[in-house]
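Readers should treat all values here as calculations from the given coordinates under stated rules, not as data from a laboratory. Computed from a predicted structure; not experimentally measured. Quick reminder, even Gly has a Cβ in these numbers, built from the backbone with ideal geometry, and neighbours come from all protein chains shown.
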Amino acid sequence: MITTSSERSICARIIDRLAQTVGPVRFNRWFDRTARFEFDDAVRCLRVDVPNRFVSDWIGRYFRDDLTRIATEELAAGVAVELDVRIRPELFKGDAEATAAGTPETAAPAKPAPATPPRRAHAAPEPKPNLRHQLDDFIVGPTNELAYSAARRLARDPREAVNPLFIHGGCGLGKTHLLQGVCNAFLEQNPDARVMYTTGEQFTNEFLVAVRANKIDAFRRRIRRLDLLAVDDVHFIANKQATQQEFLHSFDAIELGGARVVLASDNHPRLIQQFSTALVSRCLRGMVVEVKPPDVVTRALIITALAHRRGMSMIEGVPEAIAQRCHGSVREIEGSLAKLHALACLTRQRKQGDAGVPANEPIGHTLVNHLFESDAPRVARRAIRFEQIVEIVAGYTGVPRVQVLGNGRQQHVVVARSLVIHLARTMTTLSYPEIASVMGRTTHSTVITAAQRIEKQIAKGHVVTVPATMERVSVGELAQRLRDAVLRG
């Protein structure tokens, strides 16, 4: 402990300069009730006692240089001062205010040390979120790799993370999985941290309850002392001015204190209607990343993982076959697997009386075909027109019809033209000479060459950029999307 007036004076000067250097928000958060200063002149060492490892790591990581520089300058002796951050929870027992930087509610001093400000009111601890998703369970593919990488950096290494992180994309594409995974991974690294996972709707409801109960100060303290705030479906607050204003102030306060913020929405911040300009600006200041529908390879990985969790055994090639025919979000894939599992169980029950049928017979292609045939809409079969294929390919890819049917050799034009030929050959009764004729070609050899080229690209998983959306997607995936669009008419 500080034993002389000289040592107390040194610590007081260091604390004053530190507060001016890092600002009042960060100082109050990390030093006000979570640090005790002591200077040992004999060994020229500034000791900072803290209640737990989380605070120790944070101070050592983000404030070590400021502390050693300020202490050395205050002593004005030209000899560097050592910094020793010690974990001493026994000094902080009995005062919940030591939790201001994410420490347990039991950590705080029974008596304020000489160099610390007066004690503030006690605060309730932030309960640890009980979230089911983990980052390690997230299936990574080309359409979500950037979002996953950013989420992992924010959770595991805040020094390298971009703050805030804003993840957007359609429903059922893994945004909630990433947000909950970030929270769980952050807590694994920092067990004493204060972490909150909430939704835009929950934030709004809690804010309104606090206003009506005249407890807005307690609500603000709770939010603004977090180390990580994750808000799902943040677009819910878009048309609520008071909630947006409160969220904006909390956003600024916790960022100034060094906390992490991760948000998720169905749309890019600029496309959220009635989202305030200030909030859009805050979101764009960090990293905005999109998660897109999984491609066929990623869908096969997802299917394999989900089937394993359900205890479903499949023969080789079945996950890939399902992935080729099951498009859309992960939720849709889960729904298809649930039905396939039910069909498999029903089939086994019917076969139980047959000899030689194993109880754990793996799922094969016949059952998969049965699944998708039963899900297919009962509509009258109709002939597919070549002109219809051209219109859909042109509209989806953004390549004008005149270029699709023309002679241009730009890569995106050649791909669109080849896809028209591929779909016409596989979805209509037209022969190669007939396809060449409707495309205005004098010979059908170029049509055959284009068909063979696109088939090789599909087999090799060749990836192209769709001009209309700038999305990177495999040729096989693009062909399947176009096929589905044609069938839907």
Contour minus Cα-Cα distance for residue 80 and residue 41 (0.36 nm per residue): 12.8 nm
For residue 326, distant residues with modelled amide H under 5 Å away: none
Lys/Arg +1, Asp/Glu -1 at C-beta; region 386-488 dipole; positive extreme among 420, 444, 395: 444
Size of charge dipole - the chain - debye, nearest 20, with Cβ of Lys, Arg +1 and Asp, Glu -1, no other charges: 1060
Three-way shape label, region 135-291, alpha-carbon gyration tensor, a/c 1.5: oblate
Bridge type composition, the chain - antiparallel percent by DSSP, nearest 5: 30
Entry for semi-axes √(5λ) of the Cα gyration tensor in Å (calculated from the structure that is shown) out of (i) 53, 25, 19; (ii) 70, 32, 17; (iii) 59, 27, 21: (iii)
Which listed pairs, of 292/460; 128/175; 128/339; 128/215; 128/292, have C-alpha distances above 26 Å, in listed order: 128/339; 128/292
Residue-averaged [θ]222 nm for the chain, counting only DSSP H segments that reach four residues, each worth -39500 (n - 2.57): -15500 deg cm²/dmol
Shape of region 386-488, Cα gyration tensor, a/c cut at 1.5: rounded
Set of region 233-259 residues, backbone N closer than 13 Å to the point 7 Å along the Cα-Cβ line of residue 274: 235-244
Listed residue (243, 274, 59) projecting farthest to the positive dipole end of the chain, Cβ model: 274
